[in-house]
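The numbers here are math on the coordinates, done by the rules we state, and not lab data. These numbers were taken from a predicted model, which means no experiment stands behind them. Note that each Cβ is placed from the backbone with ideal geometry, even for glycine, and that neighbours are counted across all protein chains shown.
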Amino acid sequence: MELLTIGAFARMSRLSPKALRLYDELDLLRPARVDPGTGYRYYSAGQLGRARLVAWLRRLGMPLAGIRAVCALEPAEAAREIGAYWARVEAETAVRRDLAAFLVDQLTGESGREPMTMWELRHSAHTDRGLVRPANQDTLYAGRRLLAVADGFGPAGLAASGAAVAALRFLDEAESLPAEGVLGALEDAVRAAGAAVAAVAELAGTNEVGTTLTALLWTGSRMALAHIGDSRVYLLRDGSLHRFTQDHRVSPESPMLHKALTGGADPVPDLRVQEPVPGDRYLLCSDGLTEAVPDARIRELLASGSGPRELVAAALSAGAPDNVTCVVADLHAAV
């Protein structure tokens with residue numbers, strides 16, 4: 001078998017020799033032969049396909065751990081995983097774009113709107129164990145300005161979700177929340193929630209404890225979002241349903257989360273600010289609803305004026321294999 005020097009292989013694969021040495025050390029792209037005397041690496045022409053795939057995935061910005069996983073899959077499965085990765089990138093880019101626009105408005109003074117002091121949120125909420133789970137590990141909160149849903153998992157899942165939501169409740173009790181500072185306040189609150197979940201995990205004596213956390217905070221002029229996990233926020237506006245969050249799952253088909261509050265590293269939530277319009281309807285829900293009820297049916301129920309009890313009932317009618325929690329809020333003129 002004719003072998004290529006590392007220089008020749010680098011030119012043909014469009015990977016630098018430095019990158020090839022790194023991928024060898026990471027067991028991502030091993031050379032076909034290493035000279036025992038000089039340590040010089042040689043590659044076969046048959047390795048070019050894998051090398052080019054690695055190069056393309058790096059150009060996409062995929063982390064090395066993700067590339068290793070893709071390279072281990074059959075072509076059809078690899079294609080699905082690449083599609084799922086790019087969907088996550090696009091969703092995260094959309095969130096960052098909205099945040100950048102908000103910051104530009106704030107720094108240039110071009111927001112162009114007075115605070116909506118004459119509007120308020122009116123809400124209702126409901127949660128159910130579902131038809132399969134032995135206990136309900138969801139926690140919800142619906143206050144004057146804070147709405148939150150957390151879906152706990154593990155042997156102390158309810159304690160984890162409860163601790164996470166409790167860490168955010170001070171935001172509902174604050175006297176005022178300036179729109180320009182709300183994202184920082186939300187991010188700090190999510191960090192506090194992560195620390196609270198870490199304390200629960202330590203008390204339970206296991207690392208297999210965690211929770212999702214999704215919250216909306218009404219400032220009086222804007223709606224701010226903090227999100228980590230696979231609970232969701234939807235907006236019904238003018239009859240159309242819009243999804244505000246992306247699921248932080250390893251892939252659409254997998255129940256595993258790549259982001260959640262687990263008491264490990266500092267949580268990095270998705271943050272977003274949205275300008276509401278009177279008549280908006282917001283839905284926060286755990287995945288017990290979205291796994292059982294399709295978006296088209298959710299839109300139909302919200303558009304008909306149905307609330308959380310009807311949404312939960314729809315999940316129960318569909319088998320409700322998981323806990324189901326819904327919070328519905330409407331923007332109304334204050335009285």
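When both segment 184-258 and segment 280-298 are represented by their alpha-carbon centers, they are found 15 Å apart.
Just so you know, the Rg over Rh for segment 1-83 is 0.98, from Cα atoms, with Rh as the Kirkwood radius. Taking only alpha carbon atoms, segment 84-333 gives an Rg to Rh ratio of 0.95, where Rh is the Kirkwood radius. A protection proxy built from the mean count of other Cβ atoms within 10 Å ranks the segments 294-300, 152-158, most packed first, as 152-158, 294-300. Relative to the longest principal axis of the Cα atoms of the chain, the long axis of helix 182-204 makes an angle of roughly 80 degrees. What percent do you get for the relative contact order of the chain when only Cα pairs under 8 Å and 6+ apart count? After rounding, I find 19 percent. The simple spin-label model puts a point 7 Å past each Cα toward its Cβ; for E74 and E2 those points are separated by 3.4 nm. When I67, I228, I6 are arranged by Cβ crowding within 10 Å, least crowded first, meaning fewest neighbours, the order is I6, I67, I228. Relative to the longest principal axis of the Cα atoms of the chain, the long axis of helix 308-317 makes an angle of roughly 50 degrees. Helix 48-60 against the longest principal axis of the chain: what's the angle in degrees, Cα atoms only, rounded to the nearest 10? For 48-60 against the chain, the angle is about 30 degrees. When its C-alpha radius of gyration is set against 2.2 N^0.38 Å (N residues), segment 226-330 gives a value of 1.10. Of the peptides 280-287, 76-83, the order by per-residue mean of other Cβ atoms within 10 Å, starting with the highest, comes out as 280-287, 76-83.
Here segment 19-67 is assigned +1 on the Cβ of each Lys and Arg and -1 on the Cβ of each Asp and Glu. Its dipole about the Cα centre then comes out at about 200 debye.
Legend: calculated FRET efficiency, R21 to R191, from the Cβ-Cβ distance at R0 = 25 Å, rounded to 0.05, equals 0.10. Of T245, G152, Y234, which is farthest on the positive side of the dipole of the chain, counting Cα position, with +1 on Lys and Arg Cβ, -1 on Asp and Glu Cβ, and the Cα centre as origin? Of the candidates, T245 comes out farthest on the positive side. For the pair R122 and A55, the difference between a 0.36 nm per residue extended length and the Cα-Cα distance amounts to 19.0 nm.
Working ranking of peptides 216-225, 306-315, 44-53, 232-241 by packing, defined as the average number of other Cβ atoms within 10 Å per residue, highest first, is 216-225, 306-315, 232-241, 44-53.
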